[in-house]
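Comments concern the structure below.
Derivation of every value follows stated rules applied to the coordinates shown; laboratory data play no part. No experiment lies behind these values; they were computed from the predicted model shown. Virtual Cβ from ideal backbone geometry, glycine too; neighbours counted across all protein chains shown.
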Amino acid sequence: MSKKQFAIIGMGRFGSSVANALSEMGFDVLAIDSSEQRTQEVANIVTHAVSADSTDEEALRALGIRNFDVVVVAIGENIQASILTTLILKDLGIPVLVVKAQNELHGKVLQKIGADKVIYPERDMGLRVAHHLTSPNILDYIELSAEYSILEIEASRSIIGKSLKELDVRARYGCNVMAIRRGESMNISPDADEPIADHDVLVIVGHKNDLTKLELAFSK
């Protein structure tokens with residue numbers, strides 16, 4: 001099976017960090033930006049780096065953009081260019097289109113015109129930082145939707161030695177423990193009777209309000 005190919009449009013901080021991460025994971029990455037200087041800055045990291053106007057349909061066609069499995073539109077401040085680029089890519093039939101939004105209104109427009117996934121890096125990073133600050137046990141916080149999230153929480157003293165059955169997360173908090181990470185291994189179907197060990201990381205999904213209650217209880 002061939003490797004997935006990614007195209008990232010917009011080499012600002014967010015776009016270049018995504019391009020860098022995907023390249024390090026071994027994927028083929030095409031980096032596109034209207035600024036030649038920005039494309040030069042990532043040229044040694046990605047598979048190909050090209051300076052082009054993403055609002056020019058012919059320019060995108062010439063780059064063979066339709067051959068890519070996933071296109072990420074990470075255009076910074078220019079909301080008009082972001083929307084126009086998304087429209088063009090949707091018309092070209094890109095299989096998966098992921099677009100960065102500046103705000104909720106921008107995000108709603110992107111969803112209406114066909115973006116498969118809209119991401120809010122600044123807002124999401126703010127959420128993660130807030131959760132890290134309020135609870136040192138929180139390792140990660142990922143928004144799935146406006147209401148549901150995934151929480152990664154390191155076992156605190158209050159839950160070490162207890163089993164999932166004893167903790168009864170679903171009944172008490174309305175959340176589900178998806179997995180337990182222990183060192184390098186990830187157990188995606190943890191035994192309900194096995195006690196939680198020191199340094200175990202619980203991966204929990206649930207409604208934001210329920211996760212907040214669980215967070216407070218498990219951080220003691």
Based on Cα coordinates alone, diagonalise the gyration tensor for the chain, multiply each eigenvalue by 5, take square roots, and list the semi-axes in whole Å, largest first. 40, 18, 15
Across the range 90-200, how large is the tail of the calculated P(r) beyond 26 Å, expressed as a percent of all Cα pairs? 38 percent
Determine, from the Cβ-Cβ distance of residue 176 and residue 122 and an R0 of 30 Å, the FRET efficiency 1/(1 + (r/R0)^6), rounded to the nearest 0.05. 0.55
Would you mind pulling out the separation of the Cα centroids of the range 59-82 and the range 154-220, in Å? 40 Å
Could you state the angle between the C-alpha long axis of helix 13-24 and the longest principal axis of the C-alpha atoms of the chain, as a value from 0 to 90 degrees rounded to the nearest 10? 80 degrees
Using a ≥ b ≥ c from the Cα gyration tensor of the range 137-190 (square roots of the eigenvalues), is it rounded, prolate or oblate, where a/c under 1.5 gives rounded and otherwise the larger of a/b and b/c decides, a/b for prolate? oblate
What percent do you get for the relative contact order of the range 1-115 when only Cα pairs under 8 Å and 6+ apart count? 24 percent
Using Cβ contacts closer than 10 Å as the measure, can you line up 47, 85 from fewest to most? 47, 85
Residues 153, 75, 142, 119, sorted so that the one with the fewest Cβ neighbours within 10 Å comes first: 142, 119, 153, 75
Residue 146 versus residue 80, label points 7 Å from Cα toward the beta carbon: distance in nm? 2.9 nm
Provide the descending list of Cα extents for the range 10-125 along its principal axes, expressed in whole angstroms. 36, 34, 24
Modelling each spin label as a point 7 Å along the Cα-to-Cβ direction, I'd like the residue 158/residue 53 distance in nm, to one decimal. 5.8 nm
C-alpha long axis of helix 208-218 to longest principal axis of the chain, angle in °: 50 degrees
Lysine pairs within the range 70-220, Cα separation less than 26 Å, 8 or more sequence positions apart or different chains: 19
Could you work out how much longer the chain between residue 197 and residue 25 gets when fully extended? Use 0.36 nm per residue separation minus the Cα distance between them, nm to one decimal. 58.9 nm
